[in-house]
Amino acid sequence: MKKHFILSIVVVCLGMSLTASGVYADPIDLSGWTPVTLDFAGGQGAANWQLGSGNTAVTQTINADPSFYLNNVNQTGYTMQGSWQVVTTSDDDYMGFAFGYQNSSNFYLFDWKQASQNYEGGSANEGMTIKKFQGATGNGLVDLSLGELWENVVNFGDMTVLATNHGTDKGWADNVQYDFYLDYKTTSGVIRVVVKQGTTELWNVTVNDATFGSGQFGFYNYSQEQVNYAGFEQTTTVPEPVSLLLVGLGLVGLAGVKRFR
């Protein structure tokens with residue numbers, strides 16, 4: 001009987017280790033999310049975020065100032081995945097995602113530029129970038145500049161470049177769906193981003209930065225109309241499989257000690 005009990009512990013713990021990655025829930029209801037536009041004087045105006053049928057998709061419809069669509073949750077470790085695409089042939093600017101969002105001047109940002117272009121003192125290369133913004137206030141009026149938000153080549157003011165995937169044919173294409181995956185481990189500062197087109201992996205990058213230990217997640221758009229974000233799912237970070245296995249082995253050890261008393 002005692003042998004069977006010990007074996008059961010091992011089986012249960014191994015089972016936990018195999019399923020520790022979790023099961024994704026239904027697509028997130030986006031109806032409770034909040035739009036925030038960084039409104040610059042003389043800029044392009046506020047974004048227009050339009051929810052789709054079922055509230056699991058949203059489209060930013062106009063050429064606007066930098067804007068977020070935030071989930072209003074101060075989150076720690078989690079993964080997020082979904083898809084997005086530009087559903088027009090007009091313009092060639094930025095779409096992306098914010099995470100670790102503290103306020104309008106302090107956050108991490110993944111953004112993707114279709115074509116290289118200089119604007120407001122910033123230089124943008126075609127391709128993807130992971131950035132960190134550390135502004136002084138973040139009071140809704142924003143103390144970042146358009147140039148800092150546009151730049152994706154070098155550090156600029158309160159913006160630090162954490163990783164890039166720039167080059168010829170690295171920009172997004174019109175009317176093409178892309179899949180996005182974020183693994184944000186806030187306790188260790190490990191950030192992993194994967195972007196795919198169908199089965200083709202376009203970028204798989206891991207960076208280490210623990211500046212923001214929590215924060216909101218949100219969609220991001222800058223000067224690009226008709227960007228659709230859809231089918232996003234989230235899981236909370238759980239213990240690594242190895243940790244669970246060690247717990248199981250520890251329980252086996254305890255059972256063994258008790259047995260030989």
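Only the coordinates and a few stated rules stand behind these numbers; no lab work does. Note that the structure is predicted; figures quoted are calculated from it, not measured. Quick reminder, even Gly has a Cβ in these numbers, built from the backbone with ideal geometry, and neighbours come from all protein chains shown.
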Cross-link reach list, aspartates and glutamates versus residue 113, counting only Cα pairs under 19 Å and skipping chain neighbours closer than eight places: 65, 91, 92, 93, 126, 148, 151, 169, 174, 179, 201, 225
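In a shell of Cβ-Cβ distance under 14 Å around residue 45, excluding residue 45 itself, what net charge do Lys and Arg (+1) and Asp and Glu (-1) give?
On the way: positive: none; negative: 39, 65, 225.
Taking every Cβ under 14 Å from that of residue 45, the sum is -3.
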Residue-by-residue Karplus 3J(HN,Hα) for segment 104-120, coefficients 6.51, -1.76, 1.60, Hz, glycine and proline x: 5, 10, 9, 5, 8, 9, 9, 9, 9, 9, 6, 9, 5, 5, 9, 6, 6
Sequence-distant residues sharing a close amide H with residue 123 (under 5 Å, placed H): 151, 152, 153
Rough spin-label spacing in nm, given labels placed 7 Å along Cα→Cβ, for residue 123 and residue 31: 4.8 nm
Three-way shape label, segment 40-110, alpha-carbon gyration tensor, a/c 1.5: oblate
